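A.B. asks: Following this message is one structure expressed as structure tokens.
The values are calculated or read from the model by the stated rules, or taken from the named source; none is laboratory data. Predicted, not measured: the structure shown is a model, and the values here were computed from it. A quick note on method: Cβ atoms are made from the backbone with ideal geometry, for glycine too, and the neighbour counts reach across all protein chains shown. These area figures cover heavy atoms from the full protein model, side chains too; ligands, DNA and RNA do not enter into them. Shrake-Rupley method; radii C 1.70, N 1.55, O 1.52, S 1.80 Å.
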Amino acid sequence: MWLKRYLDFGSGRPLWALLADTLLATNTPSSEKNTPRSIRINYYLQSWKTGTTSQSNQPPDILRMLKIGRKYGLRIEGIAFERDILREMPIWYHSQADSKIRRLTGSRASKCLLIKHNLTTVGEAEDLAAILVTVEGRPNPHENNNHCRCSDCTNLREKMGCNHPNLCMLRAQDLLDTLPTKWDPHAEQPGDNEPSLTSLPSQKDEEIFDYRLSTSGNLSDIFRIFTDPSHKPVNEVPIRLFKVRNQIQQVTVATDGSCIDNGQTTAIAGAGVFFAANDPRNQSVRVPKSLGDTTLTQSNQTAELLAVKLTS
Ligand SMILES: [Zn+2]
Ligand SMILES: [Zn+2]
């Protein structure tokens, strides 16, 4: 429960969680001596290490919290994440980035980004690097040198005290380039083809099936427990094989699956879909005993899923 509250990054984050952040970031092993203290924001979101043994200076409560996390397989996991979540992640030592991100803290530009720009998140790095990007058909007022007088560079000089805006933008891009596609807000994400469900008209007592692959919400929602330690989550972004082109066109279809002798060796399952009276798309089928080499369980659940599959 403590751990869950600690990983609540919403507005209700308890005060003690901020204290825990500081303890975790301070009681680090000697292997982290070259990691600037200011980049250590959250142990679970970044790749720096913290003290996990009783020999470290870590308070017992924190050690217990870390142990619970390990015991129940707590980690970041999800097929894809909404872009807002990707942008909220800390950029420095981003936990999912290529390990070379750890070498990007020492340069003149990195120090300027840390101290003067106060750059913290992926979103901030993306906004800064965006100044370098020329959109087709639109002239980019920025010149790729540190003497550029465009409004963005002037702003960075005046408001941040940055002496080399172009260099800092390039460094922000270097940081972003270490992110795998699944964590890169610039990459195409499944969410780009997943229209909001709230715009669909729904009838009373009707629940709309959430078909989206992307985890929504905030950073609190990206964690899972009871994960499989032998399985390493992939960091490539999945691309949907179909795209929703017209979200207004709605089809109402009734689906059902049922099973006689459910749970017994004699179980027989079947599925049916009903579009309308005499509609040629109406179907009823038996759940096959196998599909290729896979044996299909004759159960109510298999039948329900098959029924949904029949509608597509
Ligand atoms: Zn400029
Ligand atoms: Zn700068």
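A.B. asks: Using the structure shown, select from 4/111; 204/289; 182/232 the pairs with a Cα to Cα distance greater than 26 angstrom. Before the final figure, lay out the partial values.
C.D. replies: On the way: 4/111 33 Å; 204/289 38 Å; 182/232 14 Å.
Pairs exceeding the cut-off: 4/111; 204/289.
A.B. asks: On to the next question. Between residue 121 and residues 5 or more places away or on another chain, which pairs have amide H atoms under 5 Å apart, with H built 1.01 Å from N, and which residues are they?
C.D. replies: For residue 121, the qualifying residues are 91.
A.B. asks: With r defined as the distance between the Cβ atoms of residue 84 and residue 38 and R0 fixed at 25 Å, what FRET efficiency is calculated, to the nearest 0.05? Please report the intermediate quantities before stating the final value.
C.D. replies: Numbers: r = 24 Å, r/R0 = 0.97.
Once the sixth-power term is evaluated, E becomes 0.55.
A.B. asks: Need one number: nm distance between label points at residue 206 and residue 140, each 7 Å from Cα along Cα→Cβ, rounded to one decimal.
C.D. replies: My value for the distance between the label points is 4.6 nm.
A.B. asks: Hey, another quick one. Within the range 128-221, list the chymotrypsin sites (Phe, Trp or Tyr not before Pro) lying in a DSSP loop whose Cβ has at most 14 other Cβ atoms in a 10 Å radius.
C.D. replies: On the way: sites: 183, 209, 211; in loops: 209, 211.
Taking the range 128-221 and a limit of 14 other Cβ atoms within 10 Å, the loop chymotrypsin sites (Phe, Trp or Tyr not before Pro) found are 209, 211.
A.B. asks: How many nm is it between the label spots at residue 1 and residue 77, if each spot is 7 Å from the Cα in line with the beta carbon?
C.D. replies: 2.4 nm
A.B. asks: Okay, next question. With a 1.4 Å probe and every protein chain kept in, tell me what percent of the accessible surface of the chain is carbon plus sulfur. Mind dumping the intermediate values first?
C.D. replies: Working: 10080 of 19140 Å².
Using a 1.4 Å probe with all protein chains present, the chain comes out at 53 percent carbon and sulfur.
A.B. asks: Follow-up question, since we're still on this one. FRET efficiency for residue 221 and residue 16, Cβ-Cβ distance as r, R0 = 25 Å, nearest 0.05? Could you put the intermediate results ahead of the total?
C.D. replies: On the way: r = 21 Å, r/R0 = 0.85.
Calculated value: 0.75.
A.B. asks: So, with +1 on the Cβ of K and R and -1 on the Cβ of D and E, and no other charges, what is the size of the charge dipole of the range 2-75 about its Cα centre, to the nearest 20 debye? Provide the component values of the computation, followed by the final result.
C.D. replies: On the way: 12 positive and 4 negative charges, 44 e Å.
Roughly 220 debye, rounded to the nearest 20.
A.B. asks: So, by mean Cβ neighbours within 10 angstrom, what's the order for 100-112, 165-177 with the highest one leading? Let's see the in-between values first.
C.D. replies: Values: 100-112: 16.5, 165-177: 21.6.
My ranking of the peptides, most packed first, is 165-177, 100-112.
A.B. asks: Arranged from highest to lowest average of other beta-carbon atoms within 10 Å per residue, in what order do the peptides 30-38, 85-93 appear?
C.D. replies: Working: 30-38: 11.9, 85-93: 22.6.
Ranking the peptides 30-38, 85-93 by packing returns 85-93, 30-38.
A.B. asks: Okay, moving on. What aspartates and glutamates sit close enough to residue 67 to cross-link, taking a C-alpha to C-alpha distance under 20 Å and skipping anything fewer than 8 places away on the same chain?
C.D. replies: Cα-Cα hits under 20 Å: 8, 21, 77, 228.
A.B. asks: Give me the dipole magnitude in Debye, nearest 20, for the chain about the Cα centre, with unit charges on the beta carbon: positive for Lys and Arg, negative for Asp and Glu. Intermediate values should be presented prior to the final figure.
C.D. replies: Numbers: 37 positive and 34 negative charges, 266 e Å.
It works out to roughly 1280 debye.
A.B. asks: Taking the convex hull of the alpha carbon atoms in the chain, what volume per residue do you get, in Å³? All intermediate terms of the calculation are to be shown ahead of the outcome.
C.D. replies: On the way: hull volume 69.6 nm³, N = 312.
For the chain, the hull spanned by Cα atoms encloses 223 Å³ per residue.
A.B. asks: For the pair residue 118 and residue 149, what calculated FRET efficiency results from E = 1/(1 + (r/R0)^6), where r is the Cβ-Cβ distance and R0 = 30 Å, to the nearest 0.05?
C.D. replies: Details: r = 24 Å, r/R0 = 0.79.
Rounded to the nearest 0.05, the efficiency is 0.80.
A.B. asks: For residue 116, list the lysines whose Cα falls under 19 Å from its own Cα; do not include residues on the same chain fewer than 8 positions away.
C.D. replies: The reachable lysines, counting only those whose Cα sits under 19 Å from residue 116, are 159.
A.B. asks: Still on this structure, I have one more. Tell me the mean residue ellipticity at 222 nm calculated for the chain from its helices only (DSSP H runs of n ≥ 4, each -39500 (n - 2.57), averaged over every residue, nearest 500).
C.D. replies: Details: 9 runs with 80 residues, N = 312.
Taken over the chain, the calculation gives -7000 deg cm²/dmol.
A.B. asks: Work out, step by step, the length gained on full extension between residue 236 and residue 30: first 0.36 nm times the residue separation, then minus their alpha carbon distance; give nm to one decimal. All intermediate terms of the calculation are to be shown ahead of the outcome.
C.D. replies: On the way: separation 206, 0.36 × 206 = 74.16 nm, distance 3.27 nm.
Taking residue 236 through residue 30 to full extension adds about 70.9 nm, to one decimal.
A.B. asks: So, one more: Sequence-distant or interchain residues sharing an amide H contact under 5 Å with residue 9, placed H: which?
C.D. replies: Those qualifying (amide H under 5 Å, at least 5 residues apart or on another chain) are 220.
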